[in-house]
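Trainee: Here you go, one structure.
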Ligand SMILES: [Zn+2]
């Protein structure tokens, strides 16, 4: 059971603006569901691309660029700087947006950024099993897991696309 963020009463399904949405049974507030923005960082460090091996789902055990959810109180590029520091211990300058990825059955929007390391040594944070530095042509080719969810498949396609210029 879901409850209204405005008044705490129960939400019920209703037709709102031509679409089934949850609406408060008391105050009428509509509980819109929106995808959450996630940043992904293509960090260049000593002529290599920094990737982490993921400790958490989706794609646990896979190599991926560092990234994560944007929090209120920070911009997307602030989130890039924070996530890279947390996940692989590097200080970075954010360059530019490389791509934006979204899919109807996935509840996030991924914004991929290019960034350059300004200092630090790659060191795996809590969300990473290890950190790797991959020169041009050596970024790992990874296949879709056997029991892949829609999110797994999509996320791997985003990783492959965002790192394509390094392969
Ligand atoms: Zn309400």
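Where a number appears in this text, it was derived from the coordinates with a stated rule and is not lab data. Here the structure is a predicted model, which means the values were calculated and not measured. No Cβ is skipped: glycine too gets one built from the backbone with ideal geometry, and neighbour counts run over all protein chains shown.
Trainee: Which angle from 0 to 90°, rounded to the nearest 10, does the C-alpha axis of helix 150-162 make with the longest principal axis of the chain?
Mentor: Helix 150-162 and the main axis of the chain meet at about 40 degrees.
Trainee: Once both axes come from the Cα atoms, what is the angle between helix 76-88 and the longest principal axis of the chain, in degrees from 0 to 90, rounded to 10?
Mentor: Roughly 60 degrees between the two axes.
Trainee: Residue separation times 0.36 nm, minus the C-alpha to C-alpha distance between residue 118 and residue 82: what's the value?
Mentor: That pair, residue 118 and residue 82, stretches by 11.6 nm at full extension.
Trainee: Okay, next question. Can you show me the helix-derived [θ] at 222 nm for the chain, built from DSSP H runs with n ≥ 4 at -39,500 (n - 2.57) apiece and divided by the number of residues, rounded to the nearest 500.
Mentor: -5000 deg cm²/dmol
Trainee: Also: Give me 51, 42 sorted ascending by neighbouring Cβ count inside 10 Å, so fewest comes first.
Mentor: The fewest-first ordering by Cβ neighbours comes to 42, 51.
Trainee: For the stretch 153-167 and the stretch 1-40, what is the centre-to-centre distance using only Cα atoms, to the nearest Å?
Mentor: 33 Å
Trainee: Rg/Rh for the chain: what does it come to with C-alpha atoms and Rh from Kirkwood?
Mentor: Ratio of gyration radius to Kirkwood radius for the chain: 1.07.
Trainee: Next question. Of 143, 165, how do they rank once you tally other Cβ atoms within 10 Å and put the fewest first?
Mentor: Exposure proxy ranking, most exposed first: 143, 165.
Trainee: I want the antiparallel fraction of DSSP beta bridges within the stretch 1-130, as a percent rounded to 5.
Mentor: 75 percent
Trainee: Just rank 11, 129, fewest to most, by other beta-carbon atoms within 10 angstrom.
Mentor: 129, 11
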